[in-house]
Amino acid sequence: GDSVTQMEGPVTLSEEAFLTINCTYTATGYPSLFWYVQYPGEGLQLLLKATKADDKGSNKGFEATYRKETTSFHLEKGSVQVSDSAVYFCALRLSSGSARQLTFGSGTQLTVLP
Amino acid sequence: DGGITQSPKYLFRKEGQNVTLSCEQNLNHDAMYWYRQDPGQGLRLIYYSQIVNDFQKGDIAEGYSVSREKKESFPLTVTSAQKNPTAFYLCASSNRGSTNEKLFFGSGTQLSVL
């Protein structure tokens with residue numbers, strides 16, 4: 001079945017450090033890929049997405065590139081801020097699927113220290 | 001402001017008791033979803049509804065029940081049959097059928113067993 005594997009956390013960085021959160025996937029078709037962010041005590045928010053190979057999703061300084069050859073969608077940010085502290089979820093959905101068919105990774109807790 | 005409202009934020013259940021979690025949306029979305037989030041795990045789908053008066057089981061429906069009598073509301077009942085109910089519960093909705101379908105999440109309900 002479809003699955004998403006994220007790097008285990010927690011990840012702790014100093015402000016202005018470079019961030020990478022690894023995400024790889026297994027899918028039978030051609031999925032769309034997503035990163036969601038969950039701030040403390042809140043629900044998830046869509047951070048960025050990519051719908052086909054070599055697409056780059058970007059938002060709020062975060063970027064992720066859909067790499068079909070390595071089945072990866074790593075999240076990066078060049079300079080993190082304390083306000084980026086949150087849990088980040090990678091997710092996939094088959095291109096023919098509905099929102100019902102979202103598959104989430106286990107989440108990566110990020111803490112940014114001032 | 002449009003959005004999804006979950007209540008209560010915290011809920012406690014006694015042994016053998018049924019409890020109901022509320023989810024209301026004013027986004028005019030057809031589809032609504034309930035997810036369960038456990039520490040260190042991704043989100044798991046409990047139930048979903050794509051239209052009023054219709055709903056389907058997700059991956060972990062046992063011990064839960066739902067209703068969809070109104071488009072705006074999708075309450076989740078955690079029954080006494082659910083032996084491990086302690087978790088964070090997230091409700092979501094989506095504009096099903098849109099070419100840019102995405103999930104909108106509520107802020108969640110933390111359920112604990114006394």
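Here, each number is a calculation from the coordinates, and none is a lab measurement. Bear in mind the structure is a predicted one, so any value in this text is a computation, not a measurement. Ideal geometry is used to build each Cβ from the backbone, glycine not excepted, and the neighbour counts take in all protein chains shown.
By the count of neighbouring beta-carbon atoms within 10 Å, fewest first, A:Val87, B:Val113, A:Val4 end up ordered B:Val113, A:Val87, A:Val4.
Net charge of the neighbourhood of B:Asn28, taken over other residues with C-beta under 10 Å away and scored Lys/Arg +1, Asp/Glu -1, is -1. Taking other Cβ atoms within 10 Å as a rough exposure proxy, A:Trp35, B:Trp34 sort from fewest to most as A:Trp35, B:Trp34. With Cα atoms defining each centre, the range A:1-76 and the range B:1-53 are spaced 24 Å apart in the structure. A simple charge model with +1 on the Cβ of Lys and Arg, -1 on the Cβ of Asp and Glu and nothing else charged puts the dipole of chain B at about 200 debye relative to its Cα centre. Panel order for B:Leu114, B:Leu90, by other beta carbons found within 10 Å of each beta carbon, from fewest to most: B:Leu114, B:Leu90. Dipole magnitude for the range A:12-58: computed about the Cα centre from +1 point charges on Lys and Arg Cβ and -1 point charges on Asp and Glu Cβ, it is near 240 debye.
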